[in-house]
1. Say a site is exposed when it is one of the GluC sites (Glu not before Pro), sits in a DSSP loop, and has at most 11 other Cβ atoms within 10 Å; what is then the longest site-free stretch of the chain?
2. Rounded, prolate or oblate: which one fits the chain, using the alpha carbon gyration tensor with axes a ≥ b ≥ c (rounded when a/c is under 1.5, else prolate when a/b beats b/c, else oblate)?
3. Could you work out how much longer the chain between GLU206 and ARG792 gets when fully extended? Use 0.36 nm per residue separation minus the Cα distance between them, nm to one decimal.
4. To the nearest 10 Å², what's THR718's accessible area with a 1.4 Å probe?
5. Can you list the residues, at least 5 places off or on another chain, whose amide H is less than 5 Å from the amide H of ASP531, using H built in the peptide plane?
6. Run the paramagnetic zone check for GLU640: 7 angstrom along Cα to Cβ, then residues of segment 568-584 with backbone nitrogen under 14 Å.
7. So, R0 is 41 Å and r is the distance between the beta-carbons of ASP237 and ASN438; what FRET efficiency does that work out to, to 0.05?
8. Through the Karplus equation 6.51 cos²θ - 1.76 cosθ + 1.60, θ set to phi - 60°, convert the phi angles of segment 399-413 into ³J(HN,Hα) values in whole Hz; use x for Gly and Pro.
Amino acid sequence: MNIKKRLYTTLIIIIIISSCTAPDYMDKANQFRLDQVELLEGPFKNAMERNREYIMQMDPDRLLAPYLREAGLPPKAQPYGNWESGGVDGHTGGHYLTALSLLYASTGDLEALDRLNYMLDELENCQQQYPDGYIGGIPGGYEMWQEIAVGDISAAPFSLNGKWVPWYNIHKLFAGLYDAYFYTGSTQARDMLLRLTVWAEELVSELDDDQLQDMLRSEHGGINEVFANIYAISGDDNHLELAERFSDRRVLDPLLEGRDELDGMHANTQIPKVVGFKRIGDISGYEPWQEAADFFWEAVVEHRSVSIGGHSVREHFHPRDDFSVMITDREGPETCNTYNMLKLTSLLFLSSADPSYMDYYERALYNHILSSQHPEHGGLVYFTSMRPRHYRVYSQPEENFWCCVGTGIENHMKYGEMIYAHTGSRLLVNLYIPSRLNWEEKGVIIEQQTLFPDEETMSFVIETEEPVSFEISVRIPGWLAGDIPVLYINGEFYENAVLSGGYVNADRLWENGDKLDVYLPMDTYFEQLPDDSPYYSILHGPVVMAAKTDTTDLTGLIADDSRMGHVAWGTLYPLYESPTLVGSSETFLAGIQQGGNGKLSLQIPDNIYPQRYRGIELEPFFRVHDARYVVYWPMADQEELERMIAARAELERIDIELEVRTIDQVAAGEQQPESEHGFRGHLTETGIHQNRLWRHAHGWFSYDLRDEDGEASELKVTYYGGDSDRNFDILINDVRIAQVVLDGSKGDKFFRVSYPVPEDIVREAKDGVLTVKFEAHEGSIAGGVYHARLLRAEQ
């Protein structure tokens, strides 16, 4: 994305502006409390209001039901379904504590505080039922933790002792209790948190580091960050040691050595760990850990992210030099990833005051986080597809409890956290969002008035009873169309501006009613995919511009409660029919015109293929909803166009036909698809080959594929041609349908094999579930399997 580029102007320009400059960087920036920043009318305030409505539709008693059930207490309501009854029961309850805390801190909402206190009372009652401070909603969790305590550990990337990511689950409760204390001052939450921490300390006290690292192979969220935060409030060195022990060395060690080994890794499993590395490094002063976090940030932001600030396909990091799946797949960047990358970005900024971090923060905030919420009904998005002419799916508050719902109800309650920061008497303006800052220490209120990004100016109006001296420092953004922002004070050009550390500064004695106007001109420009393939986003300033192309076949636009309801399963429209820009980037930029309706919009030139897209309008992506859209545009000159279309058509023909026939499918080795398909196994492993994930077993592994209408006629499995000496059976609902021999004869390529599905198995399947099992022969291996797809008959 080329976000972290330095935009300092030359020394000559600096001297012209002022003969006095400050050092390039300050050591540290300080946040304002959320209750000091009030959002004013604009898209972010609207998002916060819709989010409040959304979370207030949730029933606390239903969220609490798993906790009461596990504590042996009668639940007061039925638990929610979806993920809340699928093995990660209770995870949303932890997010809900955080969301309520943020809502109260940001707005003073007393109903939110009442709900929070009710949740805490009920959870404390649950905690009192255990002898050791435990609380949890994990089904059978307490017994499972007792196995862990004595070293009986069976860990896989998304399971631990047969439970679905229990550390990830309980991390949400740890974080929720911490946030309830941090944002509302609840001593009840603090005391519950410390008791829960004692339980965690005792749990792992008899485990050596090898055992604990083995346990950490299972996804565990940001548990190391939480323990570091607990140390910050307790001062107990044991808590910092706990944070260090819960840091996954498989991820940390390569980062310490400056090695990017992220290909194929489950993205959001890793980011929270790195947030923890950074937090531990900041608290302890371990500079290598801080540098490791910065290296990870650069690897993801500069080399693995798309224009909206998101990254990953089907939740996994693809290679830095091959973004093709980003364009072809329906499951693009996951909202949770960006939620956690913004946490990491804020820590990196606060420890350095380097505004280049805020360039990324702004980009991701506007184009991924803000766009991930429906502006009317508040539904939340899991995957944001980058495939041209695909679409997104939105959640419902009573039906969907995905991870991106949990982080989503937090995202839209904390928009005030990074708009401003301060160091000494210097106010740092990082984001151009209409808001009102109460800087209590200075006895001054600063109101930011702007319609950004629909306009290029913002005004800062000062309210103070007495004149007060301080410096207003406005971030010089990476997208600025010009050398420096233009400043006016009370209508007159401000000649004494100073450039320092990526900010332009106005330092003076401010009086009541003073007004600082800032002009930040924006250009329209292209941004190519990081792998240099011929796909481009169109941006205006920091805003990604997108086009609505269709409102057809938006299957599952509002998600149901099915396990895969968060995926946009509608038809994949052929890429060879998607809009293509014909010509050069210079030609297009010269021909783009701005709309005149007061809202940011662009109209692209007519040299576009197919012709039906001539005159298509671009608008900010965060305003594109309930439609198929284009974010990335292929570009070719006239001579290349026909070759590009022919190549795309041939490449897609077989895949499109398969999509039409597909009933259900699972990508082997990929965390979420496997967990969504009831993965089970014995003596089984996963790995990566040629940038694709596989699973094999010396024992067996299985998936539950759904065929609710009884249409299945064929199972198609993807293998690698070089695998040899592998003999195994494929069973469906315990009936063997095939014996497989992989002998390496297919060479260095992937290939697919089709197996007929007997009609009687389909007819007798209970609830339409076909359990596909790969079972190794004695002394051999089952797999590797790269993909399994259940197909209906050809029409």
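The values are calculated or read from the model by the stated rules, or taken from the named source; none is laboratory data. Because the structure is a prediction, the values reported are computed rather than measured. Note that we place each Cβ from the backbone using ideal geometry, even for glycine, and neighbour counts take in every protein chain shown. For the accessible areas, the whole protein counts, side chains as well, though only heavy atoms, and no ligand, DNA or RNA atoms are used. Shrake-Rupley method; radii C 1.70, N 1.55, O 1.52, S 1.80 Å.
1. It works out to 496-777.
2. oblate
3. Here the segment from GLU206 to ARG792 would lengthen by 205.7 nm.
4. 10 Å²
5. PHE323
6. Those under the cut-off are 580-584.
7. Result of the calculation: an efficiency of 0.65.
8. 10, 10, 9, 5, 4, 6, 6, x, 6, x, 5, 7, 3, 8, 10
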